[in-house]
Amino acid sequence: MASSLLSLSTILFIIFSLQPSFSTSRRVLDVHATRQHETGFRVALKHVDSGKNLTKFERLQRGVKRGNHRLQRLMENMMASLSVDSSTTQVTSPVHAGNGEFLMNLAIGTPPEPYAAIMDTGSDLIWTQCKPCTKCFDAPTPVFDPKKSSSYSKIPCSSSLCKALPTSDCGSDGCEYLYSYGDYSSTEGVLATETFTFDTVSVPEVGFGCGEDNEGSGFNQGGGLVGLGRGPLSLVSQLKQSKFSYCLTSISDETSSQNPTSTLVMGSLATETANSSVYTTPLIKNPSHPSFYYLSLVGISVGNVDLPIEKSTFAVDSDGTGGMIIDSGTTITYLQESAFELVKKEFVSQMKLNVDNSDSTGLDLCFELPEDVGSGETTIEIPKLVFHFDGASLDLPGENYMIGDVKSGLVCLAMGSSSGISIFGNIQQQNMMVVHDLEKETLSFVPTKCDQL
């Protein structure tokens, strides 16, 4: 039986740490430049629970709770969006994931005002809270005042960005928008352009939502959101960059003062590097939900067992439901219920530990650790887990799917079940450079020590 040895010291959580910092020495990225001259930029990311006095499983439970809520609202909105008229079977309203798990520090305006924004690969709109604010949530950074910026400009209703909005109106302030998310959160305001600064790189004339009425609890970790989806409003599309990547550090305990941070890379800097282990699979498009990055998952192996999963299980259905998306904003991986039950059954069969039935973690499958665990460096044997994507079989490291906690005496499978859509979560992506190549329409996984970038 194929298995791997997993040290409990490698499956703990890291708290990410990042202090906002913007250099006075900046360079300008020309969004109208040809691709041959593009360079891009690199931005550090921090986890939304960074710096909080939480235990390992408290952090896991918070992430799972957010992920469950995100998934639930996403599925409900997908089903609700299947309202059709008498002449078409096209979905009539888009679905945006909303919230997320990682924050990026950036600055807006001239002079630049720093703020932290949620990075979201499941939506498109870039936005921040703006004055005058009729309804704003509490945020760790001040509300942006466009009157204090010399580079702020409202977008006319005739612009292509205004027309790309799912819901807009032409009012006295120009292009007015309403953008709703799957968790009932929303932002409403005026579409404008502004200079955004990422690390030391300034990007002029970025279209964004200046939100004056922002509701919901999904965004109070930051002062707004940066959409990295596939639609025309996203940062990726506006910068006309054909590549971007992110590298998420291991979700382990913070055991040193190094404070490892994750990384977002935009543009030609987002390469697959010279690593000999590059796993590349096509990106699939779903016209019903064009913002999401869909992958073609064709099978799963546990140990030496190829699970008998129906080929259609992870396919996008004709009504736009189904399929698998890769998402930085969801903590664990969710599989269609029938497939997850096969994974769960095989892990129970192959693990040499007792199943925990206490339901204390919020995860579907946990095992009891041996009684002598914690008396030193301890290893446990776990089955290998391989995701077979179209053209790439991804053999995951043990810490990317089994999470152990000595204090609770449990080790748990970081996966769950779903219906309507499957999601490849960020725990499964940790310590990999995840490269989105939008020109080739591929996604590559490159094993990488993300804290050493």
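The values are calculated or read from the model by the stated rules, or taken from the named source; none is laboratory data. Note that the structure is a prediction, hence the values are computed from the model and not measured. Methodologically, a virtual Cβ is constructed for each residue, glycine included, from the backbone with ideal geometry; neighbour enumeration extends over all protein chains shown. The accessibility values were calculated without ligands, DNA or RNA, using every heavy atom of the protein model including side chains. Shrake-Rupley method; radii C 1.70, N 1.55, O 1.52, S 1.80 Å.
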**Request:** Give a residue-ordered list of calculated ³J(HN,Hα) values for region 333-338 (Karplus: 6.51 cos²θ - 1.76 cosθ + 1.60, θ = phi - 60°; whole Hz; x for Gly, Pro).
**Result:** 8, 10, 10, 3, 3, 5
**Item:** Stretchable slack from D319 to C157, in nm (0.36 nm times residue separation minus alpha-carbon distance)
**Value:** 55.2 nm
**Complete:** Lys and Arg at +1, Asp and Glu at -1: neighbours of G329 with Cβ under 10 Å from its Cβ sum to -1
**Heavy atoms of K131: accessible area, 1.4 Å probe, square angstrom to 10** = 100
**Asked** Going down the table (K147/K243; K135/K243; K154/K240; K135/K163; K65/K148), which pairs top 29 Å between alpha carbons?
**Response** K147/K243; K135/K243; K65/K148
**Request:** With a probe of 1.4 Å, find how much accessible area region 325-435 has per residue, and write the answer as a whole number in Å².
**Result:** 34
**Prompt:** C210 accessible area, nearest 10 Å², 1.4 Å probe?
**Reply:** 0
**Prompt:** What is the ratio of the Cα radius of gyration of region 307-442 to 2.2 N^0.38 Å, where N is its residue count, to two decimals?
**Reply:** 1.14
**Asked** Ordered by residue, what ³J(HN,Hα) values in Hz, to whole numbers, does region 290-295 give under the Karplus form 6.51 cos²θ - 1.76 cosθ + 1.60, where θ = phi - 60° and Gly and Pro are x?
**Response** x, 6, 7, 9, 8, 10
